[in-house]
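The next block holds one structure in the form of structure tokens; read it before the comments.
The values are calculated or read from the model by the stated rules, or taken from the named source; none is laboratory data. Just so it is clear, the model here is predicted, and its values are computed rather than measured. Cβ atoms come from the backbone with ideal geometry, glycine included; neighbour counts cover every protein chain shown. The accessibility values were calculated without ligands, DNA or RNA, using every heavy atom of the protein model including side chains. Shrake-Rupley method; radii C 1.70, N 1.55, O 1.52, S 1.80 Å.
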Amino acid sequence: MNLIVQYMTYFAYSIVWIFIGIFIANAVVEFGLSRYVAKPFKPIVKTAKMPPALSSVLALSIIDSRAAHSALSSLYGRGFMGDWHVVACFMIMTPFGAVPLLARHFIPLAYALLGPYVATLYLLAVFSSLFIRMSLGILVARRLKWRQEHLDLATHVNCGKKVILRGILKSTAKFTWRIGLRLFLVSWILIILTYFGFFNYINTLIEPFITNLGLRGEVAAIAATRAVSPSAGVYVAGQLMAAQELSVKDVLVGLLLGTLLFLLTSDYPRHIFPYHSSIYNVKLAAKLTAIGMSLSATFFSLIITILLIFF
């Protein structure tokens, strides 16, 4: 029963914020506010040879990534973008979408528990992987053909504010309803998988992998804890660093390995894929998730390998 309450509470919370995010996205676009918030992102869009209108999507991603994906979904649904256009935008806006979450929740915790030096190195490693992803997204975007002359985010032209507002509310409610149905189904699938211990089984499978790397027990403990809970992992890292005199290398390897395991076993399958599948079709959602997982696995594995070999 607690499991159902937990997931349904998260479902209700998600629907509220999805509605707010979509409403903000539509309002920013339809009332013409996007041209003001999009200016800092125009150089990136120009470098990627993308339509100027997409600078508004990048701007939205730093405010609310759900709003940005909603805008992309609207363009995709109207036939202005194909799968790979969405993939390129997804890769480019990933670091901007991560900024609010890291700034509000993770950065203060990391600096308080790990100290300025270790926290800065850890966050630099995380952000470097995101900006490498953005760079690859720009390269992908430059190879695509974009509908420059027809792409337009706005759907209401030369209408009064009341008419535009009614249109915004109607489209927001319609979109939220469609997302809500899919998200409700996905939530119940996750409830069933969790009830039968699927994710615990995955975590059990990865424990030998941590041990076989020959890491200290404390490092494995940091990685295992971080793989389950980001905040708890940082707390354990800070405590063990102080009590067991772990090196900076040990702490960083534990945190980065735990981050990678968290992304692969929890964040992507339990949060990112369900959300993407509620906005895009399942095929595109699976493509976005697979690309995100592959890039995360590659980047973090490379950083961890460099730390283990050269430090």
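Worth pointing out:
- Hey, Phe41 part of a helix (DSSP H, G or I), modelled with pLDDT of 75 or more, farther than 23 Å from Ala285 by Cα and not basic (Lys, Arg) or not: yes
- Leu144 meets the conditions (1) in a helix (DSSP H, G or I); (2) surrounded by fewer than 21 Cβ atoms within 10 Å (Cβ to Cβ) in every case but one. The failed one is (1).
- The one condition from (1) part of a helix (DSSP H, G or I); (2) open to solvent by 50 Å² or more (accessible area, probe 1.4 Å); (3) modelled with pLDDT of 80 or more that Thr94 does not meet is (2).
- Among the residues of the range 237-253, none qualifies, meaning not one is open to solvent by less than 10 Å² (accessible area, probe 1.4 Å) and in a loop (DSSP other than H, G, I, E, B).
- Qualifying positions in the range 254-295 - open to solvent by 30 Å² or more (accessible area, probe 1.4 Å) and not in a helix (DSSP H, G or I): Asn281
- Beta carbons closer than 9 Å, at least 6 apart along the sequence or on distinct chains, never pair a first residue in the range 1-23 that is of a type in the set (Asp, Glu) with a second that is in a helix (DSSP H, G or I) and at pLDDT 70 or above.
- The one condition from (1) open to solvent by 30 Å² or more (accessible area, probe 1.4 Å); (2) touching a residue at least 40 places away in the same chain (Cβ under 8 Å) that Phe131 does not meet is (2).
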